[in-house]
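Here's the structure, in structure tokens; my notes come after.
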Amino acid sequence: MARLNKRDLEQMGEDYFHHLEYGMLVEVAENLHELAVEQLEKLEETSKTSSRPPSSDNPYLKPWTFLAEVIRQRRKGLPAPSIPLSLQAA
């Protein structure tokens, strides 16, 4: 199956998945997984990890940066970092 685009995703509803044969369902699931990983990697990008200028960093996405670090640590089998006070609930 080719790379998924917005139109493909718009057409994928519950009926679509119910009518797929098993092999095609696995292929679609693999494509959706690949798309999810790509999107997570884009969310993790900052000016430090890409060619974007620092002014393009969104200051309100700091919790996502922390979440990305937690995911990276868990993938490496390391304990998650402590939650910064600025992110803790009051």
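Which ³J(HN,Hα) values in Hz, rounded to whole numbers, follow from the phi angles of the stretch 47-56 under the Karplus curve 6.51 cos²θ - 1.76 cosθ + 1.60, where θ = phi - 60° and Gly and Pro get x?
Taking θ as phi minus 60°, the curve returns 5, 7, 10, 8, 8, 6, x, x, 5, 7 Hz for the stretch 47-56.
Compute, for the stretch 1-44, the length of the dipole vector about the Cα centre, with Cβ point charges of +1 (Lys, Arg) and -1 (Asp, Glu) only. Units Debye, rounded to 20.
Computed about the Cα centre, the dipole is about 180 debye.
Bear in mind that the values in this text are calculations on the coordinates, not laboratory data. This one's a predicted model, so the numbers in the text were calculated from it and none came from an experiment. Because the Cβ atoms are built from the backbone with ideal geometry, glycine has one as well, and the counts that use them run over all protein chains shown.
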